[in-house]
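Q: Pasting a structure here, questions to come.
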Amino acid sequence: MFWRRSTGRSDVVARNGVVASSQPLATQAGIEILKKGGNAIDAAVAVAAVLDVVEPFSTGCGGDAFALVHLPDAKSPLSFNGSGRSGSLVTIDDLLERGWTEMPVRGGPPATVPGAMHLWGYLVEKHGSIELKDVLAPAIDYARNGFPVSPLISEVWSLVTDALQNDAARDLYTIDGRHPHLGELMRNRDLAEVFETVASEGYEGFYKGDIAEAMANAIQEHGGFVTAEDIGKHRTNETEPISTSYRGVDVYEAPPNGQGFAALSMLNIMEQFDFNSLSALSANRYHAMIEAKKLAYSDLYAHNADPEHMKVSMDELLSKKYAKKRHSLIQMSSAMDSPGTGFPLGEDTIYLCTADSEGRAVSFINSLYMGFGSGLVVPDYGIKLQNRGNLFSLDPKHPNSYAPDKLPFHTIIPGAMYRNDVLYCVFGIMGGAHQAQAHAQLVSNIVDYGMSPQAGLDHPRFNHDQKNDSVAIESCVPADVQGELRKRGHRIVHETMSGFGGGQAILRLDDSWIAGSDFRKDGQASGF
């Protein structure tokens, strides 16, 4: 079955360097860094910092970030966890005594220690080629002098303006109480000064002194639990990436507390099917992937947590023996009942990837969690604070239950693929609970069907909601395929009732790179 979406986007092929992100201004900032002698690590951090300014509801230095970094001739990626911990001021017993049954969505209580800025500085310090002040220069320029709002960002901004919780947030991110329209200039001079402080004092300056005190005060003034001491203790963790082999390609994800193992679990189950005999748009392929997703996410919601609190090992969850056992539960003639409900997840995140002429490549993801995160902006500093703590459980028996100084369940995940110990691809797709299932679909598009990065990203995706056991499928999947899935018992909902995120991917060619950027965002892949 032939399918082609007329997105107007082609793969970008370049030799000296490539950058793909969800916003053209950020992509061009990354290219500028590469041309000035920075490497892929410098470019990735520059792009993340610019996105803090130009896509403000999705990301920022007051959020968290994860990265997989490929260094020249390496046989696997380095993994970095830039997520922050819960505050020290309360215990789960304190929250239960208040009568809470779940963590609040906005305000101070779901705010956790920001991890992104530390990861930015740490990566540049350990693996960058230029100074942090030069890496932050493009973001400082846009924050101080302004940027014109792009089409999709204006549209999404309108949907999340009501999330703004304090005067500092509303003053900064609305114009006379409304969201900014297409082409209007927006700026964040206070954040420019924060970036300039970090540029001159180092990233440690963000985690101590006046900036840390101001962040803690903003959180506590709105009922939160983070102290300046909690912020001062934060460090980036270098972790061991997790992986599985999918039809001879090694797929890497960051380990828990991120949800990346669900993508690997899903691929392990999908590997039991012979996709060579199936069209990429066939009902059998979508059915197999949806069922594999249900099983992988049932494990995700039962077990994912701060790795120090997990009760099941990655070796058990990612074993091929376990995948075969899970595969045996799938009936091709009918859909299974969703094997777990989980809990609701948010969707606002940015994913970017970069590569340079010397062979480095970076898979990088940064998020506030939901749109504008906690809804709080630190007065006089322009820093948006995340609401990642909303994902803590208040069930004391769950491994992800709230506790002081604990990493929360995390949705954001960077991905990478290697073939015969050689880098093959860096990739990622943002979008809350959609991410792991989208990773598995993209890997299959590239590995099973030989799609290019752009074609693999463009290909119609499904998004299964574990809580409601419903499946949104993009409308360009043929009607007869959707009809067959309904006959098998899948509860199909219209694509407008769901989100399909947005991704980027860079694939290694012999002497160059080929990159794509998802049409579902305002993004751009570029190279030189």
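Read-outs throughout are calculated quantities, based only on the coordinates presented, and are distinct from any laboratory measurement. The model shown is predicted, which means the values in this text are computed figures rather than measured ones. Backbone-built Cβ (ideal geometry, glycine too); neighbour counts: all protein chains shown.
Q: Quick one: which residues, 5+ away or cross-chain, put their amide H under 5 Å from the amide H of SER401? H built at 1.01 Å from N.
A: SER393
Q: Of VAL426, PRO453, TYR207, which is farthest towards the positive pole of the chain's charge dipole, taken about the Cα centre with +1 and -1 on the beta-carbons of Lys, Arg and Asp, Glu respectively?
A: Working it through, the farthest residue towards the positive pole turns out to be PRO453.
Q: Let me ask something else about it. Between LEU185 and VAL13, what's the calculated FRET efficiency when r is the beta-carbon distance and R0 is 51 Å? Round to 0.05. Kindly include the intermediate steps, with their values, before the conclusion.
A: Numbers: r = 34 Å, r/R0 = 0.67.
Efficiency at R0 = 51 Å is approximately 0.90.
Q: Given R₀ = 56 Å, FRET efficiency for MET336-ASP210 by Cβ-Cβ distance, to 0.05? Let's see the in-between values first.
A: Working: r = 55 Å, r/R0 = 0.98.
The value I calculate is 0.55.
Q: Which order, highest average first, do 35-41, 20-26 follow once you tally other Cβ atoms within 10 Å for each residue and take the mean per peptide? Mind dumping the intermediate values first?
A: On the way: 35-41: 21.0, 20-26: 27.3.
Final packing ranking: 20-26, 35-41.
Q: Select from the range 105-187 those chymotrypsin sites (Phe, Trp or Tyr not before Pro) which occupy a DSSP coil region and have at most 14 other Cβ atoms within 10 Å, ordered by residue number.
A: Those that pass, being in a loop and sparsely packed, number zero.
Q: At what distance in nm do the modelled label points of ILE175 and PHE528 sit from each other, each positioned 7 Å from its Cα along Cα→Cβ?
A: Inter-label distance under the simple model: 3.1 nm.
Q: A further question on this structure: Rounded to whole Hz and in sequence order, give me ³J(HN,Hα) for the range 521-528 from the Karplus expression 6.51 cos²θ - 1.76 cosθ + 1.60, θ = phi - 60°, writing x for Gly and Pro.
A: Calculated HN-Hα couplings, in order: 10, 7, x, 7, 9, 8, x, 8 Hz.
Q: Just want to confirm a number: the relative contact order over the chain, from Cα pairs under 8 angstrom separated by 6+ residues, in percent.
A: Values: 1331 pairs, mean separation 140.3, N = 528.
Reported relative contact order: 27 percent.
Q: Enumerate the residues in the range 454-480 having an amide nitrogen under 16 Å from the point lying 7 Å beyond the Cα of LEU281 toward its Cβ.
A: So the set is 455-462, 473-480.
Q: Order of THR174, THR236, THR349, THR101 from fewest to most other C-beta atoms within 10 Å?
A: On the way: THR174 15, THR236 23, THR349 30, THR101 8.
Starting with the residue having the fewest Cβ neighbours, the order is THR101, THR174, THR236, THR349.
Q: Follow-up. Can you tell which of PRO396, LEU300, VAL377 lies farthest toward the positive end of the dipole of the range 283-428, using +1 and -1 charges on the Cβ of basic and acidic side chains (Lys, Arg; Asp, Glu)?
A: LEU300
Q: Could I ask something else about it? Can you tell me the order of 113-119, 197-203 when each peptide is scored by its average per-residue count of other Cβ atoms within 10 angstrom, highest first? Mind dumping the intermediate values first?
A: Numbers: 113-119: 28.9, 197-203: 17.0.
In decreasing order of mean packing, 113-119, 197-203 become 113-119, 197-203.
Q: Can you put VAL426, VAL50 in order, fewest other beta carbons within 10 Å first?
A: On the way: VAL426 33, VAL50 30.
Fewest-to-most Cβ neighbours within 10 Å comes out as VAL50, VAL426.
Q: If each residue of separation counts as 0.36 nm, what is the full-extension length gain between LEU329 and ASP395 once their alpha-carbon separation is subtracted?
A: On the way: separation 66, 0.36 × 66 = 23.76 nm, distance 2.85 nm.
Length gained between LEU329 and ASP395: 20.9 nm.
Q: Treating cross-link reach as a plain straight distance, find the aspartates and glutamates whose alpha-carbon is under 13 Å from the alpha-carbon of LYS133, omitting any fewer than eight places away in the same chain.
A: List returned: ASP42, GLU125, ASP141, GLU193, GLU196, GLU201.
Q: Can you compute 3J(HN,Hα) from phi for each residue in the range 201-214, using the Karplus curve 6.51 cos²θ - 1.76 cosθ + 1.60 with θ = phi - 60°, rounded to whole Hz and x for Gly and Pro?
A: Per residue, the Karplus-derived 3J(HN,Hα) values read 9, x, 5, 5, x, 6, 9, 9, x, 4, 5, 4, 4, 5 Hz.
Q: While we're looking at this one, here's another question. Counting other Cβ atoms within 10 Å, keep those with at most 16, restrict to DSSP loop, and tell me which trypsin sites (Lys or Arg not before Pro) in the range 163-251 are left. Don't skip to the answer; put the middle values down first.
A: Values: sites: ARG170, ARG178, ARG187, ARG189, LYS208, LYS233, ARG235, ARG247; in loops: ARG187, LYS208, LYS233, ARG235, ARG247.
Answer in residue order: ARG187, LYS208, LYS233, ARG235, ARG247.
Q: Follow-up question, since we're still on this one. Using amide H atoms built in the peptide plane, which far-off residues or other-chain residues are under 5 Å from ILE492 H to H?
A: HN-HN under 5 Å from ILE492: VAL471.
Q: At most 12 other Cβ atoms within 10 Å and a DSSP loop assignment: could you name the trypsin sites (Lys or Arg not before Pro) in the range 38-140 that fit? All intermediate terms of the calculation are to be shown ahead of the outcome.
A: Working: sites: LYS75, ARG85, ARG98, ARG106, LYS126, LYS133; in loops: LYS75, ARG85, ARG98, ARG106.
Counting only loop positions with at most 12 other Cβ atoms within 10 Å, the trypsin sites (Lys or Arg not before Pro) in the range 38-140 are LYS75, ARG98.
Q: Please compute the modelled spin-label separation between VAL493 and GLU238, points set 7 Å along Cα→Cβ, answer in nm with one decimal.
A: In this crude label model, GLU238 to VAL493 measures out at 4.4 nm.
Q: Before rounding to the nearest 500, sum -39500 (n - 2.57) across all DSSP H runs of length at least 4 in the chain and divide by the residue total; then give [θ] at 222 nm in deg cm²/dmol. Before the final figure, lay out the partial values.
A: Details: 17 runs with 182 residues, N = 528.
When only DSSP H runs of four or more count, the value is -10500 deg cm²/dmol.
Q: Quote the Stokes-Einstein diffusion coefficient, in whole µm² s⁻¹, for the chain, based on the Kirkwood radius over alpha carbon pairs, a temperature of 4 °C and a viscosity of 1.567 mPa s. Before the final figure, lay out each step's value.
A: Values: Rh = 22.8 Å.
For these conditions, the coefficient is 57 µm²/s.
Q: For the pair ASP405 and LYS311, how long in nm is the line joining their label points, each one 7 Å along Cα→Cβ?
A: Taking the two extended label points, one gets 2.4 nm.
Q: Amide H to amide H under 5 Å from MET186: which residues, 5+ apart in sequence or cross-chain, H placed 1.01 Å off N in plane?
A: For MET186, the qualifying residues are PHE147, VAL149.
Q: What list of ³J(HN,Hα) values in whole Hz, one per residue of the range 141-151 in order, does the Karplus curve 6.51 cos²θ - 1.76 cosθ + 1.60 (θ = phi - 60°) give from phi, with Gly and Pro shown as x?
A: So the J values, rounded to whole Hz, are 4, 5, 5, 7, 9, x, 9, x, 6, 8, x.
Q: Within the chain, what percent of beta bridges assigned by DSSP are antiparallel, to the nearest 5? Don't skip to the end; give the middle numbers.
A: Numbers: 70 of 74 bridges.
Around 95 percent of the beta bridges assigned by DSSP in the chain are antiparallel ones.
Q: Please arrange MET310, MET417, MET266 by counting, for each residue, the other beta carbons lying within 10 Å of its beta carbon, fewest first. Show your work: numbers first, answer last.
A: Details: MET310 17, MET417 24, MET266 31.
Taking fewest neighbouring Cβ atoms as first place, the list is MET310, MET417, MET266.
Q: How many angstrom lie between the C-alpha centres of the range 58-126 and the range 254-323?
A: Cα centroid of the range 58-126 versus Cα centroid of the range 254-323: 24 Å apart.
Q: A further question on this structure: Would you please state the base-10 log of I(q)/I(0) at q = 0.16, 0.22 1/Å for the range 101-168, with intensities from the Debye formula using one equal scatterer on every alpha carbon?
A: Ignoring solvent entirely, the Cα scatterers give -0.95, -1.08.
Q: Using +1 on the beta carbon of Lys and Arg, -1 on that of Asp and Glu, and nothing else charged, what's the dipole of the chain about the Cα centre, debye to 20?
A: Values: 45 positive and 64 negative charges, 339 e Å.
Approximately 1620 debye in magnitude.
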